[in-house]
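K.L.:
Before we start, here is the structure in question, set down as structure tokens.
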Amino acid sequence: MVFPSEFPVKTVSHVYGPVHSRRLGLSLGVDLIPFKTCPLDCIYCQLGPTTKKTLRRANYVPVDRVLEDLKRSLEEFPEPDFITLAGSGEPTLHSGIGEIITRIRTVSSRPVAILTNGVLLGDEDVKNSCRLADVIVPSLDAGNEGEYARVNRPARGLTLRSLVDGLAGFREGFSGEIWLEVFLVRGVTDNDDTVKKIARQACLIRPDRVHLNTAVRPTAEDSVFPVSFPELERFAAFFSPEAQIAFDQPSEKEMPGVTEEKLTESLKRRPATIEEISAILQLSPVQVTKMVDRMVRKNRIRVVRRQGAVHYTALP
């Protein structure tokens, strides 16, 4: 696909932001994994279907390169609320995540958070590495194995039981905080029985906070619908500590140098996925997702699905 030449050309960085998060404030994101490389293929993922489902850990991104990118970002934004290991794949797949956290400490005193699906936290090396962080934000989206298979579509060998056991084991000896995210899907996991089962499993993990989330952006599957805000508020009382409603408030700010008009003109010519737009604009998938989400809400572009992938196209 071809985008107009007036788009800015930037050097690709493994650090993006700061982005505003309702939970983490102004956060500098660190992207350690290739796009959509993950042990899960969650039906609600805002980045679309997983293209490489794997449990293989590797040095996906050079550690030195990550630190160079972070140093440059800290020169411009020296005091983010958090430095967050997250992005477009599962960060615990990076075999050097412990070294990365250790070296982040040498260039910044800001707290480090990890956004993770949590499935690898039962592994001793992953557990020891991630205990170096200040905050871990794992996910728990199902009350039984059938729902786990339907909602999270895990790699072979992963189970809900192993996820909960891994998170409970990680809690032991971790001096930081666990903020557990529970993503509910209307018609699938938004019933009292399921949410109570999730809440009981959460008690085994002993999180410091529980955050309820639902589909507020386009998702990997078009059969995923949001749970209403009043229902989320009712479900929040099932948890201990009582859950908070966690999805981010939409931002109306445009990306510097990339106007909605330019992107709209390009999407009139050819629909594009988050990954394609990200590659052309040299922005992280997280940044692009926030941008297209804003444009969808303004009725400037719409979501279309082709061969199992989420594309965006301009409205007439």
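FYI, it's all coordinate maths here, none of it is from the lab. All values derive from a computational prediction rather than experimental measurement. Every residue, glycine as well, gets a Cβ built from its backbone with ideal geometry; the counts of neighbours run over all protein chains shown.
K.L.:
With +1 on each Lys and Arg Cβ and -1 on each Asp and Glu Cβ, how big is the dipole of the chain about its Cα centre, in debye rounded to the nearest 20?
P.N.:
I would put it at about 660 debye.
K.L.:
Can you figure out the FRET efficiency of Val304 with Gln244, using R₀ = 35 Å and their beta-carbon distance, to the nearest 0.05?
P.N.:
Efficiency, from the Cβ-Cβ distance: 0.55.
K.L.:
Once amide H atoms are placed 1.01 Å from N in the peptide plane, what residues at a sequence separation of 5 or more from His211, or on another chain, have their amide H within under 5 Å of its amide H?
P.N.:
Amide H to amide H, under 5 Å and 5 or more residues apart or across chains, His211 pairs with Leu180, Glu181, Val182, Gln244.
K.L.:
Using the 10 angstrom Cβ neighbour count as an exposure proxy, how do Tyr312, Tyr60 rank, fewest first?
P.N.:
Numbers: Tyr312 25, Tyr60 18.
Listing Tyr312, Tyr60 from fewest to most nearby Cβ atoms yields Tyr60, Tyr312.
K.L.:
Which residue, Cys42, Ile274, Thr159, has the largest displacement toward the positive end of the dipole of region 15-314 when charges sit on each Cβ (Lys, Arg +1; Asp, Glu -1)?
P.N.:
My answer, from the dipole projection, is Ile274.
K.L.:
In a Debye calculation with equal point scatterers on the alpha-carbon sites of region 116-262 and no solvent, what is log10 I(q)/I(0) at q = 0.09, 0.12, 0.18 Å⁻¹?
P.N.:
-0.31, -0.53, -1.05
K.L.:
Which residues' amide hydrogens lie under 5 Å from the amide hydrogen of Ile301, considering only partners 5 or more residues apart or on another chain, with H built in the peptide plane?
P.N.:
Placed amide hydrogens put Val296, Leu315 under 5 Å from Ile301.
K.L.:
R0 = 30 Å: FRET efficiency of Glu124 with Arg297, Cβ-based, nearest 0.05?
P.N.:
0.10
K.L.:
Using a basic spin-label model with each label point 7 Å from the Cα along Cα→Cβ, how many nm lie between Glu68 and Glu177?
P.N.:
Taking the two extended label points, one gets 3.5 nm.
K.L.:
Also, quick follow-up: Step through the residues of region 36-45 one at a time and calculate ³J(HN,Hα) from phi using the Karplus curve (6.51 cos²θ - 1.76 cosθ + 1.60, θ = phi - 60°), rounding each to whole Hz and writing x for Gly and Pro.
P.N.:
6, 9, 7, x, 10, 9, 5, 5, 9, 4
K.L.:
Taking Lys53 as the anchor, which lysines have their alpha carbon closer than 22 Å to its alpha carbon, excluding any fewer than eight residues away along the same chain?
P.N.:
Within the straight-line limit of under 22 Å, Lys53 reaches these lysines: Lys36, Lys127.
K.L.:
Work out how far the C-alpha atoms of region 53-187 reach from end to end along every principal axis, then list the three figures in whole Å, largest first.
P.N.:
47, 30, 27
K.L.:
Lysines within cross-link reach of Lys298: Cα-Cα under 25 Å, excluding same-chain residues under 8 positions apart?
P.N.:
Within reach: Lys253, Lys262, Lys268, Lys290.
K.L.:
Where in region 285-316 does the amide nitrogen come within less than 18 Å of the point 7 Å from the Cα of Lys53, taken along Cα to Cβ?
P.N.:
307-310
K.L.:
Summing +1 for each Lys or Arg and -1 for each Asp or Glu, what net charge is found among the other residues whose Cβ lies under 10 Å from the Cβ of Glu147? Numbers along the way, then the final one.
P.N.:
Values: positive: Arg150, Lys197; negative: Asp141, Glu145.
So the environment of Glu147 carries a net charge of 0.
K.L.:
Among Ile277, Ile198, which comes first, then next, by fewest other beta-carbon atoms within 10 Å?
P.N.:
On the way: Ile277 24, Ile198 27.
By the 10 Å Cβ count, ascending, the order reads Ile277, Ile198.
K.L.:
Taking the Cα centroid of region 129-153 and of region 197-238, what is the distance between the two, rounded to the nearest whole Å?
P.N.:
Answer, in whole Å: 12.
K.L.:
Identify, among Ala113, Val61, Phe174, the residue whose Cα sits farthest towards the positive end of the charge dipole of region 15-314, taking +1 on the Cβ of Lys and Arg and -1 on the Cβ of Asp and Glu, with the dipole about the Cα centre.
P.N.:
Going by the charge dipole, the pick is Val61.
K.L.:
Under the definition of Cα pairs under 8 Å and six or more residues apart, what whole-number percent is the relative contact order of the chain? Please report the intermediate quantities before stating the final value.
P.N.:
Working: 605 pairs, mean separation 57.8, N = 316.
Across the chain, relative contact order equals 18 percent.
K.L.:
Moving on to the next point. Using only the Cα atoms of region 63-122, what are the Rg and Dmax in Å?
P.N.:
11.7, 37
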